[in-house]
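Peer 1: Just passing along the structure, written as structure tokens.
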Amino acid sequence: MDSAINKEEILANFQQITAMDIAGSIHLLESTGWDLEAAIHLSLDGGHESDTKVLNHNFPEAPPPEIIAGTSRETYLNFNVRFKNSLFRLNLSDQKTIGDLKQNIMKRTSVPVCRQNIRGLLNFTMNDLQNDSIVLRSLNLPVENNVELNDLSNEGFPVDMPLLSPLNSELSYQLRIYYTNEDRHLNLNFPATKTLIDIKNDLNAVLKIPVRFQKWEGWPTNVSNATKLNEMGIEPIHSLKLTCTSNEGSSSRISIDNAPVEIHDSDSDSVEEFEDAHADDDIFTETVHHNRLKLLIEDKIEDEILGSLQFVNNYKERYGNGPSFFEGSLEDAMKTAYTSKSAKDRKLLAVYLHHDNSVLSNVFCGQLLGNDNIIKLLNENYILFGWDLTCESNKNMFLSSLTACVADSASLQIRNLPINQFPIIIIIRKYRSICEVADIIHGNINGDELYIHLMMNSDAFNEQMKVEIREENERAAREVLLNEQKQAYQESLLADMAKEEEKLRIEKMIETERQKQEYERMQVEAKKEAERKNAENSLPPEPLHGDAQKITKIRFRKPTGEFIERKFTVDTQLKILFNYATANGFSPTEFKIISSFPRRDLTLLDPNDTLKKLNLVPQETLILEER
């Protein structure tokens, strides 16, 4: 099963890169012993079959036009442009013009508009090509458009452009096959003339699943083994499910006229002949589940450091040779990269983000990150942090950490990336305390391009560090010179500094004490004011009229000789008298309240006694005396 999985991944990655159909892809891969890089180089050198078709890459489909209240909304069209053995994608609104399309192509290829020869667009004539003002919507283009671009000379001939097969000369079908046993997706391209039995045999060549063990879901009900793709009535992009029903044991079960029959290993040849002859009966079946590939980080990991350790161990176990990944959190990796005291010891931070559902992941890890030159470049110039985004919970944990360490804009760049752009490497740069994403390297790249990307970022960072290293060296040189010039005055300088420091210390101590006293004074004043307010608010209304027998007038003589007076009822308690004194700024805690005859300190008496009981009627003069 391992060899089948390996070939399936190699085939998918080869088609993704070279745009060949499955027959040509298998032919080249088998001729190179399933060596992916050798097959790619062979295809670029013209070693592919003449009937090679262009692959509709696994890009997300643009949404169909939406109709609301009879008015068509803006729709986005996808243009898959083939140019010089490479394929790139443009996404434009159908409200844009042909001129806009040409301008976007020029930005991606540097081919001037006047030299662009575009072929392959449906409903697109040479007259349309000359009129840049025509709106794309008026051409009724489909959502997905495959086009071929030639760079013409001034005489109208191609410039350094290999001859390509005309696009759309024969309809090509992309079968999106979900292989349930391994929980994997295959996007394979087939010519329109392929029959169902041809496709089954091709899948056997790739996955090593004999036809007798292939169970399919998704084919039309009226097809047979001899039916061609263009006779089935399916769309150019069609989804299917494939299950291998082999138990890898001593027997297999088939059904003849609804009667189960057990066939042992010795009968395997006859079983294959029987089931190949009756493959029509195997189109719709139940799913048989097998254990999927072990994740690099288990689902719903609760600790970032533990997830990092799992990633490092599982990556080594799965891919073997590779660069050295940092073991710890993203924040720790960033500190290790950028907080070295000397600028010459600092490194760039590279974050590798893996996704098992991307067909590019295995070839990226096995071929690119396993390359000795790339490993050396990463280990010497980068701190490499790795994380697996296959599980949504782990993706959210990483994005939260990225937001905290870099910026919210950085996590937004990653959050909405489609799976087919993974794996990616994020280059994070820090300069003058500012962190930012310097580069994002996508998985659809070859080894040379990856090396160039990493080297360019490293060179740019080293140039940046040269400035800081030069500044550090200049500072060090100035310090040495300063020490040499002032060596004779060092002792006096230290003495002066000590005196100044002592002076500042004393001044600071005095200022601190003054502030402390001022604060305490303000606290006391605030407390007094609060007590005065409370006392004032607790005073009963002054009795201005009434029975003279029930009213007494109390006069207070202040320490300054001035008087204050107020009337009270004779049954007023002594504590009300204290509150009146407090309300006027003479708290019993600071002042004695002395009666003249007999002389006594009223603050020592029971505060609940009434004025009548204390014989402070019908009037009395009390003396306020500071304690």
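Peer 1: Arrange the peptides 136-144, 204-212 so that the one whose residues have, on average, the most other Cβ atoms within 10 Å appears first.
Peer 2: Sorting 136-144, 204-212 by mean packing, highest first, produces 204-212, 136-144.
Peer 1: Next up: Given the Cα-Cα distance of Ser138 and Asn473 and 0.36 nm per residue of separation, how much length would full extension add, in nm?
Peer 2: 114.1 nm
Peer 1: Follow-up. By per-residue mean of other Cβ atoms within 10 Å, what is the highest-first order of 454-462, 543-551?
Peer 2: Final packing ranking: 454-462, 543-551.
Peer 1: So for each of 225-232, 298-305 I average, over its residues, the number of other beta carbons within 10 Å; can you give me the resulting order with the highest mean first?
Peer 2: So the order, starting with the most tightly packed, is 225-232, 298-305.
Peer 1: Please give me the summed charge of the neighbours of Val524: other residues whose Cβ is under 13 Å from its Cβ, Lys and Arg +1, Asp and Glu -1.
Peer 2: -1
Peer 1: For Glu511 paired with Ala192, estimate the spin-label separation in nm (one decimal), with each label point 7 Å from Cα along the Cα-to-Cβ line.
Peer 2: So the label points at Glu511 and Ala192 sit 8.9 nm apart.
Peer 1: Then there's this: Kirkwood-based Rg over Rh for the stretch 430-585 (C-alpha set), two decimals?
Peer 2: 1.54
Peer 1: Ok, one more. Go ahead and run the numbers for FRET between Ser409 and Asn483, Cβ-Cβ distance against an R0 of 41 Å, rounding to 0.05.
Peer 2: My answer for the efficiency is 0.35.
Peer 1: Starting from the Cα of Leu605, move 7 Å in the Cα-to-Cβ direction to define the label point; list residues of the stretch 543-557 whose amide nitrogen is under 15 Å from there.
Peer 2: Inside the label zone: 552-556.
Peer 1: Right, something else. Which distance in nm do the two modelled labels at Ser246 and Asn313 give, with both placed 7 Å along the Cα-to-Cβ direction?
Peer 2: 3.2 nm
Peer 1: In terms of modelled amide H atoms, which long-range or inter-chain residues lie less than 5 Å from the amide H of Phe556?
Peer 2: Counting only residues 5 or more places away or on other chains, the set is Ile564, Glu565, Leu622.
Peer 1: Quick one: dipole size for the stretch 476-529, taken about the Cα centre, charges +1 on Lys/Arg Cβ and -1 on Asp/Glu Cβ, in debye to the nearest 20.
Peer 2: It works out to roughly 180 debye.
Peer 1: Can you work out the Karplus-derived ³J(HN,Hα) for every residue in the stretch 530-536? Use 6.51 cos²θ - 1.76 cosθ + 1.60 with θ = phi - 60°, whole Hz, and x for glycine or proline.
Peer 2: 5, 5, 4, 4, 5, 5, 4
Peer 1: What translational D, rounded to a whole number of µm²/s, comes out for the stretch 492-581 from Stokes-Einstein when the hydrodynamic radius is the Kirkwood one over Cα pairs, at 20 °C and 1.002 mPa s?
Peer 2: My calculation gives 120 µm²/s for D.
Peer 1: Using each residue's phi in the stretch 399-416, evaluate 6.51 cos²θ - 1.76 cosθ + 1.60 at θ = phi - 60° and report the 3J(HN,Hα) Karplus result to the nearest Hz, with x for Gly and Pro.
Peer 2: These are the phi-based 3J(HN,Hα) values: 5, 5, 5, 5, 4, 5, 8, 10, 5, 5, 5, 5, 5, 5, 4, 8, 4, 9 Hz.
Peer 1: Have a look at Ser433, Leu539, Ile445 and report the one farthest towards the positive end of the charge dipole of the stretch 428-551, computed about the Cα centre with Cβ charges (Lys/Arg +1, Asp/Glu -1).
Peer 2: Looking along the dipole axis, the top candidate is Leu539.
Peer 1: Quick one: go through the stretch 455-473 and flag any residue whose amide nitrogen is under 13 Å from the point 7 Å out along the Cα-to-Cβ line of Ile434.
Peer 2: Answer for the stretch 455-473: none.
We did not get these values from a lab; they are worked out from the coordinates using the rules stated. Owing to the predicted nature of the structure, the values given are computational and were not obtained by experimental measurement. Here Cβ is always computed from backbone atoms with ideal geometry, including for glycine, and neighbour counts include all displayed protein chains.
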